[in-house]
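Following: one structure in structure tokens, then a few remarks.
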Amino acid sequence: MTRARRNRQAGLTLIEMLVVLVIVGIASAASMLGVQALTRDTSAQDEALRLAAHMSLAVDEALISRVPVELVWTPRGYGFQRWSDGEWRPAANPRLAVHALPASVTLARTDGQTGAVTIAADGLGPAVALRLYTDRSIWQVAFDGLTFAAGPAL
């Protein structure tokens, strides 16, 4: 009996080994995801496509609600406002909330102006081009008051 008891205590069972392997695998995956999140660099292309999608949503909101919407921006981010009760107020749609750009991306208008861009309720707003810069690329979002196009800046 002592020999059987000693053999049982001497090693690991297959279940115990599998549990250890699963724990190690989960810990490895979590650490890799954390490292990737820290080193991920959002490109100008990603941010330009995101801005174009947000502008498209803002145009839809202005046309459907018949209320003008404004793109308010800084070199570090942008957001949208809606005309309500005689003043500009933050847009109610959470998808049009303030979006902070990653530290590697800068936003600027191509004409050098710094004011907000109005998206008119009739789709006849001013044409404007915005550029998103990183140290590796420059992308542009062109807006004609109704439609937009995002692409590499020439």
**Q.** Total formal charge among the other residues, if their Cβ is under 15 angstrom from that of residue 76, Lys/Arg +1 and Asp/Glu -1
**A.** +2
(Q) Under the rule a/c < 1.5 gives rounded, and otherwise a/b versus b/c splits prolate from oblate, where does the range 45-108 land using the Cα gyration tensor? (A) prolate
Q. Can you give the helix-only mean residue ellipticity at 222 nm for the chain, where every DSSP H stretch with n ≥ 4 adds -39500 (n - 2.57) and the sum goes over all residues, rounded to the nearest 500 deg cm²/dmol?
A. -12500 deg cm²/dmol
Q: Inverting the mean 1/r over all pairs of different Cα atoms, compute the Kirkwood radius of the chain and quote it in Å.
A: 18.8
**Q.** Principal-axis tilt of helix 14-39 within the chain, Cα atoms, nearest 10 degrees
**A.** 30
Q) Once the Cα atoms of helix 44-65 and of the chain are each reduced to a long axis, what angle between those two axes, in degrees from 0 to 90 to the nearest 10, is obtained? A) 60
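Read-outs: derived from the displayed coordinates by stated rules, not from any lab. Computed from a prediction, not measured in an experiment: that's the story for all the values here. For neighbour counting, all protein chains shown are included, and Cβ atoms are generated from backbone atoms with ideal geometry for every residue, glycine included.
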